[in-house]
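Since every read-out is calculated from the coordinates, none of them should be taken as a lab result. Nothing here was measured: the structure is a model prediction, and the numbers come from that model. Every residue, glycine as well, gets a Cβ built from its backbone with ideal geometry; the counts of neighbours run over all protein chains shown.
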Amino acid sequence: MTIQISENINMLLYFVTFLYISSMSGYILYLFKQKDKIEKTALFLMGAGFLFHFISLIIESFFAGTLPAHTMGQNLSIAALSLSGAFIFFRYRSKLKILGVFASPLTVFIMIAALVTPASPGKEITAIKSIWIVSHISLIFIGEAALALACGAGILYLIQERGIKKKKTGFFYRRLPSLDLLDYTSYLCIVTGFTMLTFGLVTGFIYAKSIWGSFWRWDPKEIWSVATWLFYAALLHFRLVSGWQGKKSAIMTIIGFAALLFTFLGVNLFIGSHHQIFTK
């Protein structure tokens, strides 16, 4: 891409970040005021941020001739886009308005991290133009975004459950929804996220076979990705078979997301992986 186009995209991303910050401010205000008009405004700003963010991704992909996922900053930007989109989807699906108090600050944090991360692109990888790697990256990010929201719903569940257990009608108790709605939203996010991760891993294996000649190479990121997938598979199994709902599920969801974060960031930073070709 030319320098001018790159600068224009960066300006657009700064505008997107402004919209996300405005949405976060609205949701924080909603936490205190509990006015539907405030929440709708915050949701609109999040939607506007998602729209312009998606447009910037399309523009950058068009001029680069490939999905812009070669650097850590680019990956973080896609993660923020996926999170904002997933939140909007689940906001309408589950009607859990208060989840924006978790989703919007996390989106802002990731977006700011994407902007301040040094832009030192690695080698242009022609293989990233493959439909399999594009599908792999897209599905994994969407799945991780859904599981991040499941973690947020789990945290809110534990806060509300603790207040009810101690019979405290405090700040959060009056503002958080029922435990059933929080648990249902978390479950919905887990099912969606797990499904996306499953298809993401499958497309990743197909891509690996087409590039390296084998589905599996015992790469640390592959091992951690499958281990995390198995964790969520076990969580869903215990929910459906053993009735692991409520507090147990909330705690396991938080642990699972911590493992997911390590898979996304920790493996590259502390262990190393051939996946680093996309995050230099």
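Computed with the Debye formula from one identical point scatterer per Cα of region 3-278, without solvent, the log10 of I(q)/I(0) at q = 0.11, 0.13, 0.14, 0.16 Å⁻¹ comes to -0.65, -0.89, -1.02, -1.27.
Checked against a 30 Å cut-off, the cross-linked pairs Lys40/Lys221; Lys35/Lys166; Lys166/Lys221; Lys97/Lys166; Lys95/Lys221; Lys35/Lys165 give Cα-Cα distances beyond that limit for Lys40/Lys221; Lys166/Lys221; Lys95/Lys221. What is the fewest-to-most order of Met196, Met111, Met11 by other Cβ atoms lying within 10 Å of their Cβ? By the 10 Å Cβ count, ascending, the order reads Met11, Met196, Met111. Annotation: extensible slack from Thr117 through Val202 equals 27.6 nm (criterion: 0.36 nm per residue apart, minus Cα-Cα distance). Across all C-alpha atoms in region 6-53, the radius of gyration and Dmax reach 12.0, 40 Å.
Note down the relative contact order for region 3-278 as a percent, whole number, built from C-alpha pairs under 8 angstrom at least six residues apart. Once divided by the residue count of region 3-278, the mean separation gives 18 percent. Farthest toward the positive end of the dipole of region 3-278, out of Ser178, Ala80, Leu265, is the Cα of Ser178, where the dipole comes from beta carbon charges about the Cα centre. Taking every DSSP helix (H) stretch of at least 4 residues in the chain, weighting each as -39,500 (n - 2.57) and dividing the sum by the residue count yields a mean residue ellipticity at 222 nm of -26500 deg cm²/dmol. In summary, the aspartates and glutamates within cross-link reach of Lys209, defined as a Cα separation below 16 angstrom excluding same-chain residues under 8 places away, comprise Asp219, Glu222. Dipole magnitude for the chain: about 1180 debye, using +1 per Lys or Arg Cβ and -1 per Asp or Glu Cβ, origin at the Cα centre. Label separation (Phe171 vs Asn8): 4.5 nm, computed from points 7 Å beyond Cα along the C-beta direction.
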